[in-house]
1. How do the strands (runs of 3 or more DSSP E) wholly within the range A:125-240 filter down when requiring 3 or more residues that are modelled with pLDDT under 80 and over 30 Å from B:Val111 (Cα atoms): which remain?
2. Hey, does the range A:100-116 have a residue that's of a type in the set (Phe, Trp, Tyr) and exposed (fewer than 13 other Cβ atoms within 10 Å of the Cβ)?
3. For A:Thr43, all conditions in the list (1) under 20 Å from A:Thr20 (Cβ atoms); (2) exposed (fewer than 14 other Cβ atoms within 10 Å of the Cβ); (3) polar (S, T, N, Q) hold save one; what is the number of the exception?
4. Sort out which residues of the range B:1-56 are in a loop (DSSP other than H, G, I, E, B) and of a type in the set (A, V, I, L, M), and write them in order of number.
5. Using the structure shown, decide if B:Ser113 is hydroxyl-bearing (Ser, Thr, Tyr) and in contact with a Phe, Trp or Tyr (Cβ under 7 Å, 6 or more places away or on another chain).
6. Checking B:Leu619 against (1) hydrophobic (A, V, I, L, M, F, W, C); (2) in contact with a Phe, Trp or Tyr (Cβ under 7 Å, 6 or more places away or on another chain); (3) within 14 Å of chain A (Cβ to nearest Cβ), which single condition isn't satisfied?
7. Is it the case, given these coordinates, that B:Ala680 is more than 27 Å from B:Gly769 (Cβ to Cβ) and without any contact (Cβ under 8 Å) to a residue 12 or more places away in the chain?
8. Out of the residues in the range B:368-391 meeting the condition of being more than 13 Å from B:Arg477 (Cβ to Cβ) and in contact with a Phe, Trp or Tyr (Cβ under 6 Å, 6 or more places away or on another chain), tell me which one is modelled with the lowest pLDDT.
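The values are calculated or read from the model by the stated rules, or taken from the named source; none is laboratory data. Predicted model only: the values in this text are computed from it and were never measured. Cβ: placed from backbone, ideal geometry, glycine included. Neighbour counts: every protein chain shown.
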Amino acid sequence: MGGISLLYKNILEAGTVTATNENSDYPKWRLHDRDIGKLFKGTGTADHTIHVDCGAAVEVDTLIIPAGHNLTGGAQLDWEHSPDDAAWTDMATAWAGAAGLISKEAGASQDKQYWRLVLTSLAAIPEIPELFIGLKLDLADVIAWGYQDGPQGNVERVEALSGRPHFLQQGEDREFRSYQIKIQDSTTRDTIAAFLAESRHKPFYLKDLDGTWRFMSLVDPNIGPFGRPSLNRYDLQIDMLEVLP
Amino acid sequence: MGLSALTQAERLELVFFARVYLLHWELPSKTLYLSDRNFKHDYGSVQDYENYLFDLSGLAVDLARIRGGLNHKITLTFRNDPILAVDHLIELNGTYRFCFSTVKIYELRLVESGEIFASDVKELVFRGVCGQPYGITRKSFRVDVQNVMLAKRDRLPLQVVDTAVDADADPDDVGRIRNTVYGTVGHVPCRAVAAGAKDTLTADIDDDDVTITVSGETKIAFPGTGTIQIDDEQITYTGFTANQFTGCTRAANATTAVAHNAGAGVCEVLSEYIYEVAQHPVKALDAVYVDGVRQTAGFTAYTGQTGDELAGYEDRAVLEFTVLPIIKKQIQVDPVDNIVVNETAHQHSTSDATATDSSGALQSSSGVTDPSNVVDGNDATYGVWDGASDEGVYRFSNANLGTLNYVRIRIKFTSANLYGVNLGVMCNSTTTKFTGTTNGHGTSTTVTLTFTAAEGAAWTSDFKLFFVYDPSGQVYRVYEFIDCVFNYGGGDTGSGVASVTKSGTVTLVGNSSADTVIGQLVTVDVDGYQDDGGGTYTGTPAALIERPDHVLKHILVALLGESASDIGASFATSGTSYSTTYKFGFILHEVAREADRLLQELAFQCRSKFLEWKGKFELIYLGSAPAAAKTFTEDDLLDEPVFGYTPEIDIRNRIYAKHSRDYRKSGADAYDGVASTSDATSISNNGERMAEIELSACRDGAMAADWVAWYLLQVKNEWRTIEAMVPWIGKALDAGDTFSLTWDFFNAVAWDPENIEIDPMHERIRLLGQEWPA
């Protein structure tokens, strides 16, 4: 069985975020409100820099911008880090934005205090629903089994007296995932516990078996508990439902 | 054809679609675009809607047929999430006040997710005004949104007479609502906005008293020096204490000093007295009355229109009196020179009367010589038959006195020889009377011919004398037409028309100290609001605004500040039904003082209903039932329909509709006209049940008669009702539509939807309807 990854902490949430250009109606906190439908918007098409001061060095290896952005048409993204807010180093080679979810996983993580995303060659005033930067949790070896369920609809069906059905679609289809995790040591237990503690009340990113990042939430936030830490050997089933914009 | 090509209305016919509610929250200087999801509406341009809306409920429309309320309020539940620069949406209330802000709710139906539209096709389903937020928690809060007119209930621009505006206003008028006048209204009571002090004498005074005592009850203080008026006399004074004028000079300003009685009015003399007719310019001012007596002089009327304004009283219709509006307390006699009496069938109880006319005019003649001698008053001269013609004729006319008992005609006549001859008189070319054979007379003699009542029945004003043909060719002479005697009356029954002329002079004599009084009530006949130069409300520049749809439009736009673009198409449609029969004439605050009630009441009085529908104001005339816009079948019904009947307690079968309000009166006597009707079948079935309705905006008998017939139809019987639950296709119904139902029974009924209740969460629609009376 292959592995999955979870990205559930965003350094923007704990850090200090600044943006060189900000539309006050679409403020910068929307970059880290875990609502992928509410947009941050800049002003103008000049270069924009989104800067994060984490206060102390934080280990980071992944950047995600969900679908809904408009960083296309030649817009360049340059993801950088710095230990001193003066000397900046590329986390990855600058790349051109494309429609849909943008993800960038660095080959090696970096433990730095300052991070920034520099947007250049903008074709339009930038709109970004979320900027998720953090350290992904890889669960390659602990998956006992799992499956990618088909999309779940959100359709209400009503029937007339004659039996004729009417369908009311309340929202888009949502992906459903169910994975069973083997916990056989305290390190895994603590890692999973940290993930659950963060994610019981927040959506997070899941890198699926097929390598696709999806914005998900726990179906049952009361998952657990880890009541018998001395044994550290049991399975845990995590059911996840996609979160829509 | 792809489904995306379907219009929004056509999509209601689909068994599936996704819908999204889009909310435009128009806060002061900031519009929020919200929804129950984050949604990018792409229709060429793009508008982002953000997920701050938990729920909207109560999205119902009350279409009650008669005197229905306006739409229900809806309740919006918002997520209290961070927004803009604040951590909670509720905190925006400090910067952009929520209360009285406008909310518009649009519906957009999607056949596929992410659908991009060629144009902006979202449909406005509700427009309202916010109240205060409540139920505020960290998670959420609620805001009730009411229909515009409910929110503007107390926003009619009614003003009262205020001394802050009119410092010299009559205290009796201070606090009274100033007039707002629509249509043609008689006897509009004016407000005295510039009046002097008023008091009364406490004792009789002689014509030479120089100290005058009053009651001291004036509400406006008399100045220390000045001029007062008692009856017709003006008096200057040099001092005034609390209740006494001193240093008086009698007979001031060319008036005459006379004694005055205790109780007589004492008024301060000003250079002008201003009476406000309306707080706005009016189209015309007609007759002016003081205490009900028409005035023809002593005042100037200003409509308040540009070019016809009194300085200091711009934009108001006022009357300016330069002297106190005084009337003489005496019988008002208005001599009429010509009095026309129309008689119908009558019975005279007096004895016979006669009228004699000797001045019959000779109209024409033929076959005679010297005909004028017959009417020259000289018995010695005569007219004579020429003997050559078949007959000799004298044609007379006389005044038509109607049906007579008999007519007697006398002539002086002779024949020249002994041959027999007949002199005939023909009345109105139909009835002939002969003298009988005369056999000749050597000298003239008076002959009398009498027609009976029956023979005179056809008498009009024309008769003739003629001599019958006599082959002997003898000459016959008529010396003189003496007279006609008309006999009439005496217990006989007759009919006719006569003109009576009365002339003379009416002289009033006598005098008393109470003859002259200071007028208390000034009224005027008014043509109220007029259209502007562009004909915005009526289509005709400067026209009188009186047709119901024009009046309501003017109230909405000019008085309540609504946009003309929010006036629905039904106004014009209903206007064609009102035509010339329906026109209003009223003083606004006498109909209602709250905007929503006013509009409903006016709609009711023109057999219509007023409502807000999909963000627009609609005025729907209730004529005959329109064809069903939608027929529901079992395939459409989500639940078994439930039928019933309107309550028997609401049945009325004898209707009295009072109209033509007299604003000088109050209570039950305040109307000058009534239209009534009843339904015998309903009375037989239900017993007599009376309704007395006041049509406070109607001043026309024909309109009231039409209205009362319509109202009787609404209430004379019980009518069937229906409650049905349908899916979203129920939205295909529009204001003023009817629907029908294919069911086991009641198939042919035209149902008038009285309430459309939308459950936006489940997109179910609950229809409450009543059978359209027919």
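1. Working: elements: A:132-134, A:137-139, A:143-152, A:155-159, A:165-169, A:174-183, A:204-207, A:213-218.
Of the strands (runs of 3 or more DSSP E) lying wholly inside the range A:125-240, those with at least 3 residues that are modelled with pLDDT under 80 and over 30 Å from B:Val111 (Cα atoms) span A:143-152.
2. Restricting attention to the range A:100-116, the residues satisfying the condition of being of a type in the set (Phe, Trp, Tyr) are A:114-115.
Applying the additional criterion that residues be exposed (fewer than 13 other Cβ atoms within 10 Å of the Cβ) yields none.
No, because not a single residue in the range A:100-116 is of a type in the set (Phe, Trp, Tyr) and exposed (fewer than 13 other Cβ atoms within 10 Å of the Cβ).
3. Failed condition: (2).
4. Here is the first cut: in the range B:1-56, the residues in a loop (DSSP other than H, G, I, E, B) are B:1-2, B:6-9, B:14-15, B:28-29, B:36-38, B:43-45, B:52.
Result: B:Met1, B:Leu6, B:Ala9, B:Leu14, B:Val15.
5. Working: hydroxyl-bearing (Ser, Thr, Tyr): yes; in contact with a Phe, Trp or Tyr (Cβ under 7 Å, 6 or more places away or on another chain): no.
Against the criterion (hydroxyl-bearing (Ser, Thr, Tyr) and in contact with a Phe, Trp or Tyr (Cβ under 7 Å, 6 or more places away or on another chain)), B:Ser113 does not qualify.
6. (3)
7. Details: more than 27 Å from B:Gly769 (Cβ to Cβ): yes; without any contact (Cβ under 8 Å) to a residue 12 or more places away in the chain: yes.
Considered against the rule, which asks whether it is more than 27 Å from B:Gly769 (Cβ to Cβ) and without any contact (Cβ under 8 Å) to a residue 12 or more places away in the chain, B:Ala680 comes out as yes.
8. My answer is B:Asp390.
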